[in-house]
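Here the structure is laid out as structure tokens; the discussion comes afterwards.
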Amino acid sequence: MALSWRAALLAALGLPLTILFPSRVTAWAWLLCVAALSLIDTVAAQSPRMYTLERHVIGPIRADQTTTSTVTVRSPFSRVARIEVRDAWPPSLRPSPAHHRGTLASSAPATFVTTLAPERRGVRQADYVTVRVWGPLGLAARQVSVAVPCSLDVLPEFRSRRLIPSRLARLQELEGSSAVILRGPGTEFDSLRDYVRGDDPRDIDWRASARSDDLVVRTWRPERDRHVVIVVDTGRASALLLGAPQASSPHPQGQISAEQDRTQRDTLDLGVAPRLDAGIEAALLMEALADKAGDKVHFLAIDRQVRARVSGLKGASLLNATARALQEISPSLEPIDWQLVAGEVRRTVRQRSLVLLLTEIPPVGTDPEFLEAVSQLTASHTVVVASANDPTVPELLAARETSADIYTAAAASALAHEGAAGVVQVRRVGAITVSEDAGLLAARTADTYIDLKRQGIL
């Protein structure tokens, strides 16, 4: 049972009567009259338990999109009733509006639409649907909460998809410019052409030359169906919060260089988010590019165990499967098992491949297992280690206003020095490194992939 403002107003109208006839009997008599009218109004209201409720939500969606949840209420009664409906969802979905009001008759069901704007990825289960039916006088209502099972799949945001057109254009440029003369295993035959001085004699096609007046050589291009293994670290290092809310650019319009402008266009606004989110953005962008380039993509999310695996898919199904595999993954409190990573990569691919490790590059001497695993992988594969850094570190380095700022700058300087030394150590064991701010990691990782394609390494 619920009371309305009308019941409170009716009770307040008894105040003049109490002033004219000041006694407890008068006050209690009036309140009992209001209570009796409210009780009669409640009994006269339709029972919401007799209603039929249906709930439908449009999904799955990405975490930066919105969707709607629709609740349909049907009544078996002939009389029209005034109702209120609350379609309850977890607060992280930010349901709006909180309540709906309308009328319900047996001839036409009432439909109520709630907008959902998720803040983070995951599978979100709906809460109860609460229906309140007011009586004829509008003093009181019957109320019931009913479980109407429904769920919404919220996929990772994939903000880096806006970078796909520019990177695909660069890949298409390579189609004509990267057919350089290469030889040896791991290359793909391109075409035949006449021999010119300086060509490698081993590239001469003697069978084609026998049918021609001049010598003919084979030209080669990097293989388009190489294997790309993307490994996302979901261990303890991926839980570190990076970044700050995106602020307006400090450079006035027209006073920034071309490089600064390109950096701003490539930077994603991740806000304050764990390192894992930057890794997910880079992984999804790399999958899209490698798939468009004709490479075979394999995805792994690992900490002390394999949390997700996607392999053998192409096109939209590849990205959809990866997004669904990542929607409920959160950073673990345990460190990643690097020997497990090396073993899973060997299990996934047997030929030479590109292995992308999206993790933290640890300071020198702090994680020997990481260096050992990278060393093992570089013996058989081309390894790229991509690490997301905190974009607020340069600001901390520049602060000098107070003594606290100076101590903070000293700590930030030590952190930056240790990170740079860790990058050098990883390069010494044969890996390629990408160490960038969290918002730039996806773009720079994609640029590294394109550069490897241009150089004929992939």
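The values are calculated or read from the model by the stated rules, or taken from the named source; none is laboratory data. Since the model is a prediction, treat every value here as computed from it, not as a measurement. Ideal geometry is used to build each Cβ from the backbone, glycine not excepted, and the neighbour counts take in all protein chains shown. Just so you know, the surface numbers come from the protein's heavy atoms only, side chains and all, with ligands and any DNA or RNA stripped out. Shrake-Rupley method; radii C 1.70, N 1.55, O 1.52, S 1.80 Å.
Looking at ILE40, is it within 28 Å of the chain's Cα centre (by Cα) and surrounded by fewer than 19 Cβ atoms within 10 Å (Cβ to Cβ)? No, not satisfied. Screening the candidates GLU436, GLU401, GLU395 for the property of being buried (at least 20 other Cβ atoms within 10 Å of the Cβ) and either of a type outside the set (Phe, Trp, Tyr) or within 28 Å of LEU270 (Cβ to Cβ) (or both) yields one hit, GLU436. Considering (1) part of a helix (DSSP H, G or I); (2) modelled with pLDDT of 65 or more; (3) more than 30 Å from ARG309 (Cα to Cα); (4) not basic (Lys, Arg), the lone condition that ILE256 does not fulfil carries the number (1).
Checked against the criterion of being surrounded by 16 or more Cβ atoms within 10 Å (Cβ to Cβ), part of a strand (DSSP E or B) and either out of contact with any Ser or Thr (no Cβ under 7 Å at 6 or more places or on another chain) or without any contact (Cβ under 8 Å) to a residue 40 or more places away in the chain (or both), the range 114-125 has at least one qualifying residue.
Restricting to the range 264-277, name every residue that is open to solvent by 30 Å² or more (accessible area, probe 1.4 Å), in contact (Cβ under 8 Å) with a residue 24 or more places away in the chain and not charged (D, E, K, R). Residues satisfying the conditions are THR267, VAL272, PRO274.
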